[in-house]
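Here's a structure for you.
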Amino acid sequence: MPNLLLEIGTEELPASAIYSALEQMESLVPALMGKANLAFEESWTFATPRRLAITVRGVADRASAQVIRKKGPSLSVARSEDGSWTRAATGFAQAQGVEPDDLRIEESSKGSYVVAVTETEGIEAEDILSGLLLEIVSSLKFKKSMRWESRDERFSRPIRWFMAIFRDKIVEFEYAGLKASNITFGHRRLSGGKVTISLPRNYEHELKEVFVMADHRARLIEIVRRAERVCEEAGAVPVLDEDVLDEAVQLVEWPGVILGRFDERYLRLPREILVHAMKSHQRYLPVETKDGRLEASFVAIHNGNPDMANIIRKGHERVLAARLADAEFFFDEDSKRPLVDMLSDLEHVVYRSELGSMAEKSHRLARLIAEECAELGGDEELLSRSRRAAMLAKCDLVTHMVIEFPALQGTVGSIYARRSGEHELVAKAIHEQYLPRRLGDILPETVEGALLSLAEKADNLAASFGLGHVPTGSEDPYALRRQALGMMLILLDHGFAFSVSRLVCASASELEANAHGFAWTQDARRAFEEFFAARERVFFTERGYRYDLVEAALVVDRDVPLLVQRRLDALVEAREEGLLVRLYTAFERCHNLSRGQEAGAVSELHPQEPVEREVTNCLVDVASAVEGALATLDFYGALEALDPLCEPVNRLFDEVLIMAKDPAVRANRLSLLARIDALFSKVADFSKLMWD
């Protein structure tokens, strides 16, 4: 079966745009091919800084035939008593393009109907592909896109050519004033320019002839292999940073690797600073000795002429030497003052006037941590260390190092805290305050770091929602979703049963008390609570919990993630063991009748049947057991404690008329059911449960 090739040639693309486009192409192609009923075997993407490409292998010669079924009038309307077709039937057949005798008769739950079945022949693949490829190209979207020349079309970078081949023929389409052809271009400096691709299957091979390794996966393997080889020759090993490699592989078409060196005096700088200086701008890989110590070496990945490797190496060494000289100067200047002396400088650092200075933020964090420690029952030493970390947490923002390397905030503060003689746990907490920085990142290890990170995120959420910065759709410029997720992860990891809303509202109260015009309105609070509830739903359903169980648990605990998860685990276990369905049956019968009824006391003055008295007495014992289990957060125990009610409740409905004629008796029985309903609702909202 024939193959299809599409290549979009561009000016050099950012790595982030490349990965976004590849992800879109990998989903667009199968979707559009399926929509066109055009079968294929598999697709494979390629990417370099100057091209995005996809091959589709085993494409069918034509789209599959379409069978269309149209339901017509009922048989009683379509046929007369003598068996001939009525006007309704002939009119329907004519409208569908079939003869009346070709109509089929099918049975349904509502009787017999006539059905017209038509089959349309599949369209030739060549007649489909032009429009399909145009739709792929025009559908690609980027976070940042641009126009060029006088065009209205937008793309991440200007498009310079299209190549589209099916079998051995050009698939003709036009976009942005460019017509598709069978011509591509080789390496910008190492090749002679234009290359004609004869067949899609020759794409990779023919590009290699002009110094382009089209498959980014193969380039990554080659880069790693070469980096390990040059380091091995020097008796060292490269530090293979995934982020650096993912970007570097999309900076080169014909990867070259060189091992450079820098002055050993820079090894006195903290490892984190050295590594960041190498990675942040130049995308170098640090090099270690085999026992894990940093070497005065680095690996640079280049896109130049391999024959000029020595010149390329010297250029990279000059660039890094300048970066390290700057880092050394900043480090030495910052080291002239202890970290605590920089606290006063924070009074002049203001992000938004309504939020006050960073010095005020430090005090807010310290007070919020005091509340966290009190709720946790922590000792004075924990409180002292945590408050100290909060007061010093933002001091590195005024250091030369962080001003030059903003991504090192927190890290630099931690390093300088150690050098200033602060407690090791204080230094660690300063480093951990921003964790997790992204999805999949590590979490704070220390209790001090966890408390500081929670306070930091609660303060950011309060500030953002108070100022009206509410995430909408895909827009979240202040990363509030990530911060809410970080709070949930930390609370679960450390086993803190904190209410997130309470922490955020406490921070908001502190912001209001600073009297800079910040206001925590009911609208702001409501917006935050709705936002956080939505994040909890997503969080727990993505962890594999059934959506109905999530809803049942959230109604009770709302914004205490630790209790939500423990309650969910109990509900899952009870469902698997059959306990939950027994409880639900009893609950549903009580809930349906007692809805809107107050759970008042049950009077013994009114006539009571024996089973009625049995349920009343059982309820007292069960309520005590449930309350005891909930007090110790034993949610499965609370569910088990409800079980003894099921059998007598079911008998109550079988043997007693709840809706008795006597109003007093009826009210008494409904009150009993309402009390049972209320007790169940203390464990979970059973009304949210669903059954397959």
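Quick note: the coordinates plus some simple rules give every number you see, no bench work behind them. The shown structure was predicted, so the numbers you read here are calculated from the model rather than taken from an experiment. Cβ atoms come from the backbone with ideal geometry, glycine included; neighbour counts cover every protein chain shown.
I need 329, 40, 532 ordered by Cβ neighbour count within 10 Å, fewest first.
329, 40, 532
Run the dipole for the range 503-584 about the Cα centre, Lys and Arg Cβ at +1, Asp and Glu Cβ at -1, nothing else charged, and hand back the magnitude in debye, nearest 20.
Approximately 140 debye in magnitude.
I need 216, 205 ordered by Cβ neighbour count within 10 Å, fewest first.
205, 216
Okay, moving on. So what is the calculated 222 nm ellipticity per residue for the chain, using -39500 (n - 2.57) for each DSSP H run with n of 4 or more, over all residues, to the nearest 500 deg cm²/dmol?
-16500 deg cm²/dmol
When the Karplus curve 6.51 cos²θ - 1.76 cosθ + 1.60 is applied with θ = phi - 60°, which whole-Hz ³J(HN,Hα) does each residue of the range 338-344 get, with x for Gly and Pro?
x, 4, 5, 5, 7, 4, 5
Another question, if that's okay. Which whole-Hz couplings ³J(HN,Hα) result when phi for each residue of the range 116-124 is put into the Karplus expression 6.51 cos²θ - 1.76 cosθ + 1.60, θ = phi - 60°, listed in order with x for Gly and Pro?
9, 10, 10, 10, 9, 5, x, 7, 4
Sticking with this structure for a sec: Which entries of 144/279; 144/179; 35/143; 361/394; 361/457 have Cα-Cα distances beyond 19 Å here?
Pairs exceeding 19 Å: 144/279; 144/179; 35/143.
What residues have an amide H closer than 5 Å to that of residue 349, excluding those fewer than 5 places away on the same chain, when H is modeled at 1.01 Å from N in the peptide plane?
358, 359
May I ask which residue of 330, 315, 266 lies farthest towards the positive end of the charge dipole of the range 216-334, with charges of +1 (Lys, Arg) and -1 (Asp, Glu) on Cβ and the Cα centre as origin?
Value: 315.
Check the straight Cα-Cα distances from residue 208 and name the aspartates and glutamates below 18 Å, setting aside those fewer than 8 residues away within the same chain.
7, 222, 253, 307
Further question on the same structure: Near the amide H of residue 103, under 5 Å away, which other amide H atoms are found, from residues 5 or more places off or on another chain, if H is placed in the peptide plane?
Those qualifying (amide H under 5 Å, at least 5 residues apart or on another chain) number zero.
Here's a follow-up. Would you pull out the residues with amide H under 5 Å of residue 185's amide H, same chain only if 5 or more places away, H placed 1.01 Å from N?
Hits under the 5 Å cutoff: 195.
Would you work out which of 560, 506, 487 lies farthest towards the positive end of the dipole of the range 453-590? Charges go on Cβ: Lys and Arg +1, Asp and Glu -1.
Checking the options against the dipole of the range 453-590, the answer is 560.
Something else about it: Just to check I understand the Karplus step: with θ = phi - 60° and J = 6.51 cos²θ - 1.76 cosθ + 1.60, what whole-Hz values come out for the range 403-419, glycine and proline as x?
For the range 403-419, the Karplus-derived couplings read 4, 7, 10, x, 5, 8, 4, x, 5, 5, x, 5, 5, 5, 5, 5, 5 Hz, x marking Gly and Pro.
Another one. Along the positive direction of the dipole of the range 575-688 (beta-carbon charges: Lys, Arg +1; Asp, Glu -1; about the Cα centre), which of 624, 646, 686 reaches farthest?
686
Where a Cα-Cα gap under 17 Å defines reach, which lysines qualify for residue 70, not counting those fewer than 8 residues away within the same chain?
Once the sequence-local lysines are set aside, what remains near residue 70 is 110.
Arrange 658, 676 by Cβ neighbour counts within 10 Å, fewest through most, would you?
Ascending Cβ contact count within 10 Å gives the list 658, 676.
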